[in-house]
Amino acid sequence: MPRGPNFAVWHPPTFVLPTSSNLLLPLPQSFGAHFSILLLVGSGHRMSPRPASPPPEMNLLKRLWSATPLSSPEHSGKGSAFQVLHLTTCRRVLLIFTVLSLQLVVLFFTRFSFRHPAPRLSLLRPEHTAPTISFDGAPSPAASPPCNSGLVYVYDIPPAFNKELIIDCSGLNPWASRCGAISNGGFGAPAADLAGIVPDSLLTSWFSTDQFIVELIFHRRILAHRCRTTNPSAASAFYIPFYGGIAVGKHLWSSNSTTDERDRASADLLRWMDSQESWRKSGGRDHFIALGRITWDFRRSHDRDWGGSFLHMPGMANVTRLLIERNPWDERDVGVPYPTGFHPRTAKEVRAWQNFVLSRPRSKLFSFAGAARAGINNDFRGLLLSECAAAGDACRAVDCSGGRCGNRSAETLSLFLDSVFCLQPRGDSYTRRSMFDCMVAGAIPVIFWRRSAYEQYTWYLPLEEEEEEATQWSVFIDRREVRSGAASVRGVLDGIGEEKIQRMRERVVGLLPQLVYAWPDEGLDEGMDDAFDVAVRGVLQRFRKRRSRGKNDTGTDGNKL
């Protein structure tokens with residue numbers, strides 16, 4: 001029960017005025033604060049409950065009473081002035097006025113001094129209406145302990161392995177220049193096409209970000225990390241700022257590139273690493289690297305296969321790799337979120353975006369952004385497009401054929417902002433950037449392959465085996481049941497209750513801060529962690545656990561923290 005200063009427990013309030021008529025004046029209650037001030041004037045009476053010191057209204061009343069001398073005719077023959085108090089009509093009116101004024105003062109005091117509201121967090125209503133919800137009063141996630149897990153040393157590798165790889169940005173892609181993609185520290189050009197779609201106050205935090213640009217983002221952020229050290233002997237983790245995805249990416253679609261060209265930069269880097277004392281000392285067990293492409297682009301087993309062989313090289317056997325898609329059977333691989341276009345500058349901007357996506361009306365039950373694969377027999381994407389068309393007004397699709405969607409996010413973001421659920425089949429590989437675009441927009445992803453999410457981003461999203469947790473932020477529909485006709489997307493989604501949809505939407509948006517990469521080099525303020533912070537903290541904790549067990553890394557520590 002709330003308490004006032006210097007007062008004991010308070011009870012329902014009543015003033016007892018000691019006039020000849022014993023006037024009772026009730027004091028209203030306000031905001032859960034209960035006050036009881038009992039003023040009794042008479043022999044043997046005192047204020048109850050008794051304060052540690054006289055309240056201010058008692059001093060005011062004493063001054064009022066002292067205005068009538070005890071020797072005045074009004075008190076003659078009456079005994080003690082504190083037994084019976086007779087007042088003239090004028091003074092009686094004045095006393096009543098004073099007490100009423102004191103009630104107003106106390107009411108004002110209780111209203112504004114003892115109010116401690118809890119953060120208000122309403123839930124989304126799934127009938128596509130705009131609910132009342134706010135993250136403004138919610139606290140930021142607890143800040144990570146300052147470097148308790150150790151310090152990070154960043155290698156100053158030769159520029160041929162990072163900076164020089166992006167000088168000829170127009171030659172990084174056989175179809176179009178990537179100069180825009182590497183601008184603004186890897187965030188790309190400002191997303192001017194989102195004007196009128198996102199709030200004006202947040203437009204400057206949106207960019208046309210390439211999905212394969214993690215290497216530049218991590219390099220820039222790690223240089224400003226609070227746990228970075230320039231002394232390798234003080235470090236417990238070592239970061240290799242090699243742009244491996246950019247190095248191999250320029251050769252992936254070239255018909256003239258050889259296996260030697262695809263592997264040259266990686267092999268040269270490992271030869272340079274062999275000259276470093278810290279590397280030789282640990283064999284790479286306390287080293288980590290971010291690679292901006294999926295793991296399969298670095299796992300060529302035979303000369304005629306796709307990609308480079310960087311992750312199959314002996315020097316990489318012990319290194320922890322941060323990738324946008326991991327190999328579920330390799331514990332060295334750690335999945336990190338695909339970069340989206342939203343790069344908030346402050347925790348306040350994150351909360352503003354959370355409020356926006358949760359209060360926005362949504363007219364579609366589900367949606368799909370993608371293209372059919374005409375050359376694939378029984379293409380699952382084509383099946384989903386057919387389901388969407390059959391659902392009528394409940395579904396809308398955006399055709400992304402011919403690279404139509406790309407890094408320009410206006411059409412896809414508008415789609416997801418208007419949808420309660422978004423369909424996320426596998427892409428060219430098991431994962432898609434679209435799933436993160438969907439979740440950042442506040443929509444619930446519908447997943448058809450477990451390897452698309454549950455086995456990928458275990459530091460960011462609930463694990464596959466924690467089925468109850470996974471169903472709080474996503475819907476899983478086995479693709480085989482959809483193909484066979486045993487289940488339909490519309491039927492499954494229609495069967496999800498209103499209250500569960502509310503909880504799922506809240507859960508998705510609650511995960512949002514750790515799914516985006518913040519704009520400032522130092523990260524978000526107020527102790528709020530973004531995707532980069534989660535990755536570095538996870539690496540440091542993984543290495544600390546290995547040290548505490550006092551064993552060599554055998555790959556049995558898993559992909560969990």
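The values are calculated or read from the model by the stated rules, or taken from the named source; none is laboratory data. Quick caveat, the model's predicted, so the values are computed rather than measured. Please note: Cβ atoms are built from the backbone with ideal geometry, for glycine as well, and neighbour counts cover all protein chains shown. The protein model used for the area step is the full one, side chains on, heavy atoms only, and it has no ligands, DNA or RNA in it. Shrake-Rupley method; radii C 1.70, N 1.55, O 1.52, S 1.80 Å.
Taking S309 as the residue in question, decide whether it is open to solvent by 10 Å² or more (accessible area, probe 1.4 Å), over 28 Å from S278 (Cβ atoms) and small (G, A, S).
In short, no.
Could you identify the single residue in T98, T204 that is closer than 25 Å to D533 by Cβ, at pLDDT 60 or above, part of a helix (DSSP H, G or I) and open to solvent by 20 Å² or more (accessible area, probe 1.4 Å)?
T204
So which residues in the stretch 507-546 are of a type in the set (D, E) and surrounded by fewer than 20 Cβ atoms within 10 Å (Cβ to Cβ)?
We begin by selecting, within the stretch 507-546, every residue of a type in the set (D, E); these are 521-522, 525-526, 529-530, 533.
Across the stretch 507-546, the qualifying residues are D521, E522, D525, E526.
For residues that are hydrophobic (A, V, I, L, M, F, W, C) and either closer than 17 Å to V214 by Cα or modelled with pLDDT under 95 (or both), scanning just the stretch 323-347, find the one that is surrounded by the fewest Cβ atoms within 10 Å (Cβ to Cβ).
So, considering only residues that are hydrophobic (A, V, I, L, M, F, W, C) and either closer than 17 Å to V214 by Cα or modelled with pLDDT under 95 (or both), the one surrounded by the fewest Cβ atoms within 10 Å (Cβ to Cβ) is V334.
For the structure I just gave you, tell me whether N355 is more than 22 Å from P190 (Cβ to Cβ), outside any loop (DSSP other than H, G, I, E, B) and either of a type in the set (S, T, N, Q) or open to solvent by 10 Å² or more (accessible area, probe 1.4 Å) (or both).
Yes: the conditions hold for N355.
Does L358 satisfy the criteria of being in contact with a Ser or Thr (Cβ under 9 Å, 6 or more places away or on another chain), within 24 Å of G427 (Cα to Cα) and hydrophobic (A, V, I, L, M, F, W, C)?
Considered against the rule, which asks whether it is in contact with a Ser or Thr (Cβ under 9 Å, 6 or more places away or on another chain), within 24 Å of G427 (Cα to Cα) and hydrophobic (A, V, I, L, M, F, W, C), L358 comes out as no.
Tell me which of these A391 doesn't satisfy, since it passes every other one: (1) farther than 22 Å from P199 by Cβ; (2) free of Cβ contacts under 8 Å to residues at least 60 places away in the same chain.
Just one mismatch for A391, condition (2).
Suppose we filter the stretch 213-229 for residues that are open to solvent by 50 Å² or more (accessible area, probe 1.4 Å) and part of a loop (DSSP other than H, G, I, E, B); how many remain?
Counting residues in the stretch 213-229 that are open to solvent by 50 Å² or more (accessible area, probe 1.4 Å) and part of a loop (DSSP other than H, G, I, E, B) gives 1.
Taking the conditions exactly as written (assigned to a helix (DSSP H, G or I) and either closer than 15 Å to A531 by Cα or of a type in the set (S, T, Y) (or both)), does T209 satisfy them or not?
no
Can you pull out the residues in the stretch 511-531 that are among the small types (G, A, S) and either under 20 Å from Q472 (Cα atoms) or assigned to a helix (DSSP H, G or I) (or both)?
Narrowing the stretch 511-531 to residues among the small types (G, A, S): 518, 523, 527, 531.
Passing the criteria: only A531.
Residues that are of a type outside the set (F, W, Y) and closer than 22 Å to D193 by Cα: find the helices (runs of 4 or more DSSP H) completely inside the stretch 403-510 holding 2 or more of those.
Qualifying helices (runs of 4 or more DSSP H): 410-417, 434-440.
Here's a check for you: in the stretch 358-371, which residue that is within 24 Å of D530 (Cα to Cα) and touching a helix residue (DSSP H, G or I) at 6+ places or on another chain (Cβ under 8 Å) is surrounded by the fewest Cβ atoms within 10 Å (Cβ to Cβ)?
Applying the filter and picking the extreme gives R360.
Which of the residues belonging to the stretch 179-191 are closer than 20 Å to T412 by Cβ, in a loop (DSSP other than H, G, I, E, B) and free of Cβ contacts under 8 Å to residues at least 60 places away in the same chain?
G180, A189
Looking for something modelled with pLDDT under 85 and surrounded by fewer than 11 Cβ atoms within 10 Å (Cβ to Cβ) - is there at least one such residue anywhere in the stretch 147-169?
Let us first name the residues in the stretch 147-169 that are modelled with pLDDT under 85, namely none.
There is no residue in the stretch 147-169 that is modelled with pLDDT under 85 and surrounded by fewer than 11 Cβ atoms within 10 Å (Cβ to Cβ).
Conditions tested, residue by residue: (1) open to solvent by 30 Å² or more (accessible area, probe 1.4 Å); (2) under 24 Å from S177 (Cβ atoms); (3) without any contact (Cβ under 8 Å) to a residue 40 or more places away in the chain; (4) of a type in the set (G, A, S).
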{"site": "D193", "(1), (2), (3), (4)": "yes, yes, no, no"}
{"site": "G196", "(1), (2), (3), (4)": "yes, no, yes, yes"}
{"site": "S208", "(1), (2), (3), (4)": "no, yes, no, yes"}
{"site": "E261", "(1), (2), (3), (4)": "yes, yes, yes, no"}
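Looking at L413, L383, L423 in this structure, which one is touching a residue at least 60 places away in the same chain (Cβ under 8 Å) and open to solvent by 20 Å² or more (accessible area, probe 1.4 Å)?
None of the others qualify; the one that does is L383.
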